[in-house]
Amino acid sequence: MTPVKIAPSLLSANFSRLGEEVAAVTAAGADLIHFDVMDGHFVPNITFGPMVLKAIRSYTRVPFQAHLMIMRPDLFWQAFARAGAEIIGIHLECQLDHRKLIKEITSGGQQVCLVMNPDTGVEPARPYLEMVEEILVMSVNPGFGGQSFMPEVLPKIEALAELREKNRWKFQIEVDGGINRETAPLVINAGADILVAGSFIFGSADYAMAIRELRCNK
């Protein structure tokens, strides 16, 4: 069985030393870095822009995933790609032509991660499942770190895993929100391949041990 991948979320890192935090979680075994982008409109918070990503890109060689929690990802994804993001996360809930944007991002050389809020069902995502590299299931409402895991998303993860197997699709399933030593085995057993974790990792005194706990906790 392929080991689950761990993506530390910088939303819970020490903002005064982001570069060092990125280097530390990379050394601790992170598989990718989750970069939360919020615009104050799509979600009620504001975080990082592409200049910040560019400034910390040199601190690691693992992929950066820019999770665009913004109203118009079609206008800004290229700026994050130029800054060094290999994976672009776009929300299914955005009012835009998703098929067109997915093709545009893919043709630019980046991978696409389609993100679903907790109350979004599987059916709206079905037309795009064959087109993307990742599906990110939010297990908290987006906008703030440190929230509690919502177990009602587990059937959605299972349904996505079943669709993937039935249709031989290649996308990986990622889960973001409230991931810790108790919730990690729940989402892994449901079919998750990638775990985004913020508070559990960056709130730990030993990043490597926290990552090992998540990766091996089945």
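The values are calculated or read from the model by the stated rules, or taken from the named source; none is laboratory data. All values reported here derive from a predicted model rather than from experimental measurement. When we count neighbours, we look across all protein chains shown, and the Cβ atoms used for this are built from the backbone with ideal geometry, even at glycine.
Here are a few things to note about the model shown:
- The numbered conditions (1) touching a strand residue (DSSP E or B) at 6+ places or on another chain (Cβ under 7 Å); (2) modelled with pLDDT of 95 or more; (3) over 20 Å from Ile179 (Cα atoms) are all true for Phe42 except (2).
- Scope segment 1-24; condition over 26 Å from Phe171 (Cβ atoms), surrounded by fewer than 20 Cβ atoms within 10 Å (Cβ to Cβ) and not small (Gly, Ala, Ser); matching residues: Asn14, Phe15, Arg17, Leu18, Glu20
- Failed criterion for Ala27 (all others in (1) surrounded by 14 or more Cβ atoms within 10 Å (Cβ to Cβ); (2) in contact (Cβ under 8 Å) with a residue 60 or more places away in the chain; (3) among the small types (Gly, Ala, Ser) hold): (1)
- All of (1) modelled with pLDDT under 95; (2) over 16 Å from Ile33 (Cβ atoms) hold for Ile90 with one exception: (1).
- Residues considered: Ala184, Ala161. Of these, the only one that is touching a strand residue (DSSP E or B) at 6+ places or on another chain (Cβ under 9 Å) and within 23 Å of Leu129 (Cα to Cα) is Ala161.
- For segment 167-218, the tally of residues that are acidic (Asp, Glu), closer than 21 Å to Ile90 by Cβ and surrounded by fewer than 22 Cβ atoms within 10 Å (Cβ to Cβ) stands at 1.
Table: residues versus (1) buried (at least 16 other Cβ atoms within 10 Å of the Cβ); (2) under 18 Å from the mean Cα position of the chain (by Cα); (3) over 26 Å from Ile56 (Cα atoms).
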| position | (1), (2), (3) |
| --- | --- |
| His91 | yes, yes, no |
| Arg99 | no, no, yes |
| Ser107 | no, no, no |
| Gln110 | yes, yes, no |
| Leu114 | yes, yes, no |
| Asp119 | no, yes, yes |
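- Test for Val137: is it in contact with a Lys or Arg (Cβ under 7 Å, 6 or more places away or on another chain), under 15 Å from Val196 (Cβ atoms) and at pLDDT 95 or above: yes
- Any hit, segment 147-160, residues being under 16 Å from His67 (Cβ atoms) and surrounded by fewer than 17 Cβ atoms within 10 Å (Cβ to Cβ): yes
- Test: residue in segment 139-156 that is within 19 Å of Thr2 (Cβ to Cβ) and among the aliphatic types (A, V, I, L, M): no
- A count restricted to segment 98-138 and to residues that are among the β-branched types (Val, Ile, Thr) and closer than 15 Å to Gln172 by Cβ stands at 5.
- Breaking point among (1) without any contact (Cβ under 8 Å) to a residue 60 or more places away in the chain; (2) within 29 Å of Ala190 (Cβ to Cβ); (3) assigned to a helix (DSSP H, G or I), for Gly19: (2)
- Filtered by the rule that a residue be within 18 Å of the chain's Cα centre (by Cα) and within 23 Å of Tyr207 (Cβ to Cβ), segment 23-45 gives Val25, Thr26, Gly29, Ala30, Asp31, Leu32, Ile33, His34, Phe35, Asp36, Val37.
- Scanning segment 123-166 for residues that are closer than 14 Å to Ile102 by Cβ, among the aromatic types (Phe, Trp, Tyr) and under 15 Å from the mean Cα position of the chain (by Cα) yields nothing.
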